[in-house]
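Peer 1: The structure that follows is given in the form of structure tokens.
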Amino acid sequence: MSIIKVKNLSKEFHIRKREDGLVGAFKGMFSNEKIIKKAVNNISFEISKGEIIGYLGPNGAGKSTTIKMLSGILVPSSGLVEIKGLIPYENRIENARNLGVVFGQRTQLWWDIPISESFSLLRHMYKIPTTKYKKNIEMFSEILGISEFYNVAVRQLSLGQRMRADLCASLLHNPEILFLDEPTIGLDVVVKEKIRNFIKEINKSRKTTVILTTHDMEDIEKLASRVIVIDQGSMMYDGKLDRLKNIYGTEEVIEVEIESNIKNFDKLYKMGVKEINHKKNKILIKYNKEYINSATIIGWFMKQGKVNDFLVHGINIDEVIRKMYEKPMKNFM
Amino acid sequence: MICYLQFAKNVFQSKLAYRMNVFLSILHRIATLFVEVSIWSAIISQTGEISTEMGMISLKEMVSYAILSTGISIIISSNTILEFEDKIRTGQIAMDLIKPMKFKLYLFFENLGNNLFRIIFELIPVVIVGILCFGIDTPSREYAFFFLIALINGMIIYFILTCILGQLSFWLLTVWHLDKLLNDMLKIFSGRFIPLWFFPKIFIIISAFLPFRLIYFSPMSIYLEKVSKIEIGNILIQQIGWILILFILDTILWKKGINKLVVQGG
Ligand SMILES: Nc1ncnc2c1ncn2[C@@H]1O[C@H](COP(=O)(O)OP(=O)(O)O)[C@@H](O)[C@H]1O
Ligand SMILES: [Mg+2]
């Protein structure tokens, strides 16, 4: 049974110069001059209870627009959205009770009052029973460490603290469905890791269905088993992450810093490396994982001299999408 | 409902943090009141009373009028219009819409918290100063009761008016000038500073077709017992009529606006 159904969903933005003044407003209401931007273009998918979906795409792909339509904030231009049998924009309030939503770039907390007061407002709004509320706060303190800044106003929090607080706020009422739009954007590694663990824990213990928007592949690799990829509003892929990686994500780059000066790379090319570039004392090696792995490459370098440092750059979502264009996959749905 | 009352409480509390502002605001109100009263004294003092469309008006009544109208302006002043503009322009309205609450009701209760704060920390001090310095007429219990009803209706009319104008941000880039426009209309047609008694007939006829006088002038003329019981009934019916009309307009605008809402950014 799918808990979220999206069918032929589209959203067009009619971009029109809004004019100032009453007369301008009047003209604006009736004029037809506008540019049409298809932010979401004929997307369909279904999601079952308990899934964590990675919703991927480069900047401007239409991810946030989709999430806004699912949350009932934006009205679709055409197509259908159904969440637990409800149409979000028609039943905004009822739908909101089933949802937790976090937009990484905004806060849903009240700016001037302490987190604790915001939470208490939410408790009344969602009619959360006291025991459940207390239990949740306790759990959130444990995993996300919110007690450190529990009595601080939102405007005084750092981005990482604010994001953690927002995440808690969205989960206080034990929603069945959680939408996270770039919840890790701009955060340091430690906080990112905390947030990922938290999402994982919630999904496991409550069977919460999660849609996670990001362009951080690591978020996806740690959390999602299924990914949906969109670009320029259109669906590019819907399926297992592994499959996506096997087909498109086989190319990696390794960055090696060595002391000695190597002149001859013929041997490496023979081993199956695709490309070698020098960047000061660093060497960037592009290779296909199907033919050679990072350990072999490092091994070769260590034989040539002292390796000071190395870094493997995994698959980048922008790269994956670029490749989808080069080599479109048939029947991927 | 508890949830909405919480909003009122929260606004009240966060306003407590800015007490210095309150102090300045009270000073400003009292200064304005003194100016108003001085002007009326200068105009009326020779004769002791003044003849109008509604009969003779005494200085004492005019002073009461000035105190009352200052009081009403304290209660109704709000920044709903600018709040709307801000929420829609920044897209922060999205964060209100993902919550299971009625947006207008939320704004209304926030306003209520604001009003309550102003009643306690501004209205009461200003009125006390006004009464101690100048004295005020008091109506009979019955008229006081109808005054309160008319006052609340007037506040609701004002609130819906600000919602309507604020909502035009769905279509307009800025609405702060509409905020100014509303204030100007109120200054002229509501009787905020000059009672409609003193205005020419044609002016009174125009204002009869507008809702503004129902916010200031009508409740105050009940307070000063310048109207008969039948006229009170008439005022209340007009107020309710306007509330209905404005409410319907507001609902239509909201539906249309939400449908065309584009949340910028994020
Ligand atoms: N309010 C809006 N008005 C006009 N165009 C918009 C609006 N919001 C988004 N867009 C456009 O729609 C496309 C998708 O945006 P968005 O869903 O925010 O992308 P993503 O979240 O994937 O980065 C972008 O090209 C963006 O410019
Ligand atoms: Mg986005």
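Peer 1: Give me the 1.4 Å probe accessible area per residue for the protein assembly as shown, excluding ligands and nucleic acids, in Å². Don't jump to the answer; show the numbers that get you there.
Peer 2: Numbers: 28340 Å² over 599 residues.
I get 47 Å² per residue for the protein assembly as shown.
Peer 1: Quick one: P(r) of region B:2-259 from all Cα-Cα pairs, 5 Å bins, percents rounded to integers, in order of increasing distance.
Peer 2: 1, 6, 12, 16, 18, 17, 13, 9, 5, 3, 1, 0, 0
Peer 1: Something else: Given a 1.4 Å probe, show me the residues in region A:103-119 buried by at least 20 Å² of accessible surface when comparing the whole protein assembly to the chain alone.
Peer 2: Hits at the 20 Å² cut-off: A:103, A:105, A:106, A:107, A:108, A:110, A:112, A:113, A:117.
Peer 1: Quick one: how many Å² of residue A:245 are accessible to a 1.4 Å probe, rounded to 10?
Peer 2: Surface open to solvent at residue A:245 totals about 50 Å².
Peer 1: Can you pull the semi-axes for region A:181-224, root of five times each eigenvalue of the Cα gyration tensor, sorted largest first, whole Å?
Peer 2: Output for region A:181-224: semi-axes of 17, 12, 8 Å.
Peer 1: With chain A treated as a Gaussian network of Cα nodes joined by springs under 10 Å, which of A:188, A:266, A:112 yields the largest mean-square fluctuation?
Peer 2: For chain A, modelled as a Gaussian network with Cα springs under 10 Å, the answer is A:266.
Peer 1: Viscosity 1.306 mPa s, temperature 10 °C: Stokes-Einstein D of the protein assembly as shown from its Kirkwood Cα radius, in µm² per second?
Peer 2: Stokes-Einstein gives a translational diffusion coefficient of 56 µm²/s.
Peer 1: Place +1 on the Cβ of every Lys and Arg and -1 on the Cβ of every Asp and Glu in chain B, take the dipole about the Cα centre, and give the residue among B:146, B:168, B:111 whose Cα lies farthest towards its positive end.
Peer 2: Going by the charge dipole, the pick is B:168.
Peer 1: Per residue, how big is the convex hull around the C-alpha atoms of chain A? Give it to me in cubic angstrom, could you?
Peer 2: Per residue, the Cα convex hull of chain A comes to 197 Å³.
Peer 1: In chain A, what percent of the accessible surface is made up of carbon and sulfur (1.4 Å probe, ligands and nucleic acids excluded)?
Peer 2: Looking at chain A in its full context, I get 50 percent from C and S.
Peer 1: Which of B:181, B:165, B:246 ends up with the largest GNM mean-square fluctuation for chain B, with Cα atoms connected below 10 Å?
Peer 2: Ranking B:181, B:165, B:246 by mean-square fluctuation puts B:181 first.
Peer 1: May I pose another question? Label residue A:130 and residue B:28 with points 7 Å out from Cα along Cα→Cβ: what is the distance between them in nm?
Peer 2: My value for the distance between the label points is 4.3 nm.
Peer 1: For the Cα atoms of chain B, what angle does the longest principal axis make with the long axis of helix B:19-44, in degrees from 0 to 90, nearest 10?
Peer 2: Tilt relative to chain B: about 30 degrees.
Peer 1: What residue among A:113, A:298, A:128 has the largest mean-square fluctuation in a Gaussian network model of chain A, using Cα springs under 10 Å?
Peer 2: The residue with the greatest mean-square fluctuation here is A:298.
Peer 1: Moving on to the next point. Which value, in Å² rounded to 10, gives the accessible area of residue A:90 with a 1.4 Å probe and all protein chains present?
Peer 2: 120 Å²
Peer 1: Mind pulling the per residue volume of the convex hull built on the Cα atoms of region A:251-314? Å³ is fine.
Peer 2: On the way: hull volume 4.7 nm³, N = 64.
So the per-residue Cα hull volume is 73 Å³.
Peer 1: Could you put B:184, A:166, A:238 in order of accessible surface area, largest first, with the 1.4 Å probe and the full protein assembly present?
Peer 2: Sorted by accessible area, descending: B:184, A:238, A:166.
Peer 1: Please determine, in degrees from 0 to 90 and to the nearest 10, the orientation of helix A:294-304 with respect to the longest principal axis defined by the Cα atoms of chain A, where the helix direction is its Cα long axis.
Peer 2: The two axes meet at around 40 degrees.
Peer 1: Still on this structure, please answer the following. Distances longer than 20 Å among the Cα atoms of region B:1-137: what percent of all pairs is that? Mind dumping the intermediate values first?
Peer 2: Values: 5358 of 9316 pairs.
Percent of Cα pairs beyond 20 Å in region B:1-137: 58.
Peer 1: Can you compute log10 of I(q)/I(0) for region A:178-333 with the Debye formula, treating each Cα as one identical point scatterer, at q = 0.10 Å⁻¹?
Peer 2: Summing over Cα pairs of region A:178-333 leads to -0.48.
Peer 1: A further question follows. I'd like the carbon and sulfur percentage of the solvent accessible area for region B:23-103, probe radius 1.4 Å, heavy atoms only, ligands and nucleic acids excluded.
Peer 2: 64 percent
Peer 1: Nearest 100 Å², what total accessible surface is buried between chain A and chain B (probe 1.4 Å)?
Peer 2: 3500 Å²
Peer 1: Mean projection of the alpha-carbon convex hull of region A:67-190 over all orientations, in nm²?
Peer 2: Convex hull of Cα atoms, orientation-averaged projection: 8.1 nm².
Peer 1: Follow-up question, since we're still on this one. How do A:125, A:235, A:302, A:139 rank by accessible surface area computed with a 1.4 Å probe, from largest to smallest?
Peer 2: My answer, sorted largest first, is A:302, A:139, A:235, A:125.
Peer 1: Helix A:317-326 versus the longest principal axis of chain A: what angle, 0 to 90°, nearest 10, using Cα atoms?
Peer 2: For A:317-326 against chain A, the angle is about 80 degrees.
The values are calculated or read from the model by the stated rules, or taken from the named source; none is laboratory data. All figures in this text were calculated on a predicted structure; none of them were measured in a lab. Cβ: placed from backbone, ideal geometry, glycine included. Neighbour counts: every protein chain shown. For the accessible areas, the whole protein counts, side chains as well, though only heavy atoms, and no ligand, DNA or RNA atoms are used. Shrake-Rupley method; radii C 1.70, N 1.55, O 1.52, S 1.80 Å.
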